[in-house]
Amino acid sequence: MCSEHPEVDRILDGARALRAEGEYQRASGECAKALEIAPDHERALVMSAEMTAAMGNHDEAISICDKVLELNPESASAYAMRGDARASKGDDLGTIQDCTRALELDPNEASAYFNRGGHDVQ
């Protein structure tokens with residue numbers, strides 16, 4: 001993977017490994033380290049949002065995704081992550097909107113399919 005921040009990529013690799021082990025708090029700490037180096041790093045921000053949501057703070061995860069979308073309004077992963085956080089809060093309409101947008105931007109965004117399909121607006 002080519003990046004302007006190879007150190008950030010290395011840190012995020014470690015965070016992904018921690019995430020896979022269910023070590024969300026530690027993975028979040030690694031994301032924080034990455035963001036100290038590159039505060040606007042999209043993948044670090046989205047992973048930070050994911051870890052924040054995994055620890056139950058869905059409002060903060062949504063805020064992090066909002067920041068990513070201010071930086072890059074075409075970020076399918078940020079829309080998908082925000083949709084996931086909204087799903088956890090029971091926001092069906094927000095989930096559908098975010099996941100639909102994620103899929104428009106990247107039809108391969110698997111989590112958006114999962115979250116989009118599980119919600120209906122009455």
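Just so you know, all these numbers are worked out from the coordinates, no wet-lab data involved. On a predicted model such as this, the values are computed, not experimentally measured, just so you know. Virtual Cβ from ideal backbone geometry, glycine too; neighbours counted across all protein chains shown.
By average Cβ neighbour count within 10 Å, what is the ranking of 6-15, 79-88 from highest down?
With the highest mean Cβ count within 10 Å placed first, the list reads 79-88, 6-15.
Could you order peptides 29-37, 50-58, 103-111 by the average number of other Cβ atoms within 10 Å of their residues, highest first?
On the way: 29-37: 18.1, 50-58: 19.7, 103-111: 14.7.
Result, highest mean first: 50-58, 29-37, 103-111.
Just to be sure I understand the model, the point goes 7 Å from the Cα along the line to the Cβ. What's the resulting Glu74 to Glu7 distance in nm?
Placing both labels 7 Å beyond Cα along the Cβ direction yields 3.0 nm.
What's the long-distance tail for the stretch 6-117, i.e. % of Cα pairs beyond 21 Å?
Cα-Cα pairs in the stretch 6-117 separated by more than 21 Å: 32 percent.
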